[in-house]
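The values are calculated or read from the model by the stated rules, or taken from the named source; none is laboratory data. It should be emphasised that the depicted structure is a prediction, and the values quoted were computed from it without experimental measurement. Positions of Cβ are backbone-derived with ideal geometry, glycine not excepted, and every protein chain shown enters the neighbour counts.
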Amino acid sequence: MTMIIDSWAQHPTLRLMQDPIFESLRRWTRGQMPTSDLPVATTIAAMDQAGITKSLICAWEAPRHSMISNDEVAAFVAQAPERLVGVGSVDISKPMAAMREVRRCVRELGFKAIRVLPWLWEVPPTDRRFYPVYAACCEMDVPFCTQIGHTGPLMPSEVGRPIYLDQVAIDFPELTIVGGHIGYPWTDEAIAVATKHERVYIDTSAYTAERYPAALVEYMKGHGRRKVLFGSNYPMIMPGKALERLDSLGLDAEAKALFLAGNAQRVYRL
């Protein structure tokens, strides 16, 4: 059986699903929105349907509120520790508290990465408020995950330009960085930054396989085969849907295995 690791998912709280910031995405959803919190079994069932071995589920810290808290993520992981892996998040407006929270996420909660989304804060990842988080991630030796590319919610997309990560990688050469959501429409920028910096990676969350830009597919087939990780962005995209038509990409056996699991195992030390 092929191992598959989903590098970007979330077990959603009702607060996340009902947050007004996602209202512009409702037109893409089918059926009724949930009216109560979903059991962890729902996420595990979606993983089983797609043959997902493990999913990295992330917290969502936004200005002035938590959509999914770190402690909630830890509780979800505790219900299925063989299947779910925690990814923390922090409030970048409180730098010392953010650094302490990174340490707590890794030491006490056992999380494997930290994720902060620039569009939620409306500042690029070169903003000074991110830098204490990068330092703490280096100290704790865990990847920093973020979003690159345009945003689905009606928030400014420019902060998601992949080229911003070039400066971050220069300032923090010890930091492993994973840019999720492919980087479209700046995919060439994402590929350039990942090629330039040994510790910069791309994950394919929020895109189905048939929508991967041609340049990314060629990168995955060639010198970027160790640089791209599979992600779904569940529950926004079901993992089974994200994997449909994967075989049409023409990846060889090594590139496919690295993409589906090998790269994530190495990057997140799973």
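Which residues, taken from the range 9-49, are farther than 18 Å from SER69 by Cβ, modelled with pLDDT of 90 or more and either over 17 Å from the mean Cα position of the chain (by Cα) or not in a helix (DSSP H, G or I) (or both)?
Residues satisfying the conditions are ALA41, THR42, ILE44, ALA45, ALA46, ASP48, GLN49.
I'm told MET236 meets every condition in (1) assigned to a helix (DSSP H, G or I); (2) out of contact with any strand residue (DSSP E or B) (no Cβ under 7 Å at 6 or more places or on another chain) except one. Can you identify the failing condition by its number?
Failing condition for MET236: (1).
So for the range 105-113 (the condition being at pLDDT 95 or above and touching a Pro at 6+ places or on another chain (Cβ under 8 Å)), does at least one residue qualify?
Yes; the residues of the range 105-113 include at least one that is at pLDDT 95 or above and touching a Pro at 6+ places or on another chain (Cβ under 8 Å).
Please go through the range 99-133 and give me each residue that is part of a helix (DSSP H, G or I), surrounded by fewer than 22 Cβ atoms within 10 Å (Cβ to Cβ) and over 16 Å from the mean Cα position of the chain (by Cα), ordered by number.
Within the range 99-133, MET99, ARG100, ARG103, ARG104, VAL106, ARG107, TRP121, ARG128, ARG129, TYR131, PRO132 meet the criteria.
Would you confirm whether or not the range 166-183 contains a residue that is farther than 21 Å from ARG226 by Cβ and crowded, with 21+ Cβ neighbours inside 10 Å?
Looking through the range 166-183, none of the residues is farther than 21 Å from ARG226 by Cβ and crowded, with 21+ Cβ neighbours inside 10 Å.
Yes or no, residue by residue, for (1) touching a Gly at 6+ places or on another chain (Cβ under 8 Å); (2) over 22 Å from ARG269 (Cα atoms); (3) outside any helix (DSSP H, G or I):
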position	(1), (2), (3)
TYR201	yes, no, yes
ALA206	yes, yes, yes
GLU210	no, yes, no
TYR219	no, yes, no
GLY231	yes, no, yes
SER248	no, yes, no
LEU251	no, yes, yes
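If I filter the range 221-236 for residues that are farther than 19 Å from VAL142 by Cβ, of a type in the set (A, V, I, L, M, F, W, C), modelled with pLDDT under 95 and under 15 Å from the mean Cα position of the chain (by Cα), do I get at least one hit?
Yes: the range 221-236 contains one or more residues that are farther than 19 Å from VAL142 by Cβ, of a type in the set (A, V, I, L, M, F, W, C), modelled with pLDDT under 95 and under 15 Å from the mean Cα position of the chain (by Cα).
I need the full set of residues from the range 74-95 which are in a loop (DSSP other than H, G, I, E, B) and buried (at least 17 other Cβ atoms within 10 Å of the Cβ), in order please.
Result: ALA80, ARG83, SER89, VAL90, ASP91, ILE92.
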